[in-house]
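Contents: one structure, followed by commentary.
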Amino acid sequence: MSDHSVPRDQLRKIKLFEGCSPQELDRIDQLSDTLDVKAGTVLAREGTIGKEFAVIVSGSATISREGKELATIQAGEYFGEIALLDGITRTATVTAAEDSILEVLDRRSFRSLLDEFPLMSRTMLLGLTHRIVELTDENEQLRSRLRHPTEGDAAT
């Protein structure tokens, strides 16, 4: 395992991997690569084809769409999970907000993981379902904020 490997308990907090066995989590860690990135590095660009998933081990990143900052994600959070399953275009740009360490899993490694652990697909399907519900709730909250901005929101 790399020096910055993601502990099993942290991987298990990721909706996609929450039902995985310790053996599966260890294999995910073995297949992922550690990247040290500098502040300002674009980690994923809106409109490009996604090919990897990343967990922020330390540091933070901003998520923006059409140049407007939407959110900041911190250590333990992740992005790009859909890229593991399908080569669709990225819906947002993710940029390192500070020097950060990431664990990155690409689609090819992910597919070999599923070949090695075929039952893992069912576990991940359930995890993705939970993630979709979570994102739907977040989306509804954002839509509500756009429909009813607070005074602080209107000033920006």
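The values are calculated or read from the model by the stated rules, or taken from the named source; none is laboratory data. These figures come from a predicted structure and were not determined experimentally. All Cβ positions, even for glycine, are placed from backbone atoms using ideal geometry, and neighbour counts span all protein chains on display.
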inquiry  = When you check Thr91 against the structure, is it more than 17 Å from the chain's Cα centre (by Cα) and either in a loop (DSSP other than H, G, I, E, B) or modelled with pLDDT under 90 (or both), yes or no?
reply    = no
message = Looking only at residues that are of a type in the set (A, V, I, L, M) and farther than 13 Å from Glu81 by Cα in segment 37-55, which one is nearest to the chain's Cα centre (by Cα)?
response = Leu43
inquiry  = Which pairs turn up if I take residues in segment 116-133 that are in contact (Cβ under 8 Å) with a residue 24 or more places away in the chain and look for partners that are among the small types (Gly, Ala, Ser) and surrounded by 12 or more Cβ atoms within 10 Å (Cβ to Cβ) with beta carbon separation below 7 Å, at least 6 apart in sequence or on another chain?
reply    = Thr123/Gly19; Leu126/Gly19; Gly127/Gly19
remark   = Filter segment 62-85 for residues that are of a type in the set (Asp, Glu) and within 14 Å of the chain's Cα centre (by Cα); the one that is farthest from Ile49 (Cα to Cα) is Glu77
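A quick yes/no check of all residues on (1) touching an Asp or Glu at 6+ places or on another chain (Cβ under 8 Å); (2) basic (Lys, Arg); (3) over 22 Å from Gly47 (Cα atoms); (4) not in a loop (DSSP other than H, G, I, E, B):
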| residue | (1), (2), (3), (4) |
| --- | --- |
| Ile101 | yes, no, yes, yes |
| Leu105 | yes, no, no, yes |
| Ser112 | no, no, yes, yes |
| Met124 | no, no, yes, yes |
| Gly127 | yes, no, yes, yes |
| Val133 | no, no, yes, yes |
| Arg145 | yes, yes, yes, yes |
key: Top-ranked residue in segment 13-24 [being assigned to a loop (DSSP other than H, G, I, E, B) and out of contact with any strand residue (DSSP E or B) (no Cβ under 7 Å at 6 or more places or on another chain); ranked as surrounded by the most Cβ atoms within 10 Å (Cβ to Cβ)]   = Cys20
remark   = Of those in segment 102-118 that are closer than 25 Å to Ala61 by Cβ and among the hydrophobic types (A, V, I, L, M, F, W, C), the residue surrounded by the fewest Cβ atoms within 10 Å (Cβ to Cβ) is Val104
task = Could you tell me whether any residue of segment 32-39 is of a type outside the set (A, V, I, L, M), touching a residue at least 12 places away in the same chain (Cβ under 8 Å) and over 26 Å from Asp115 (Cα atoms)?
result = yes
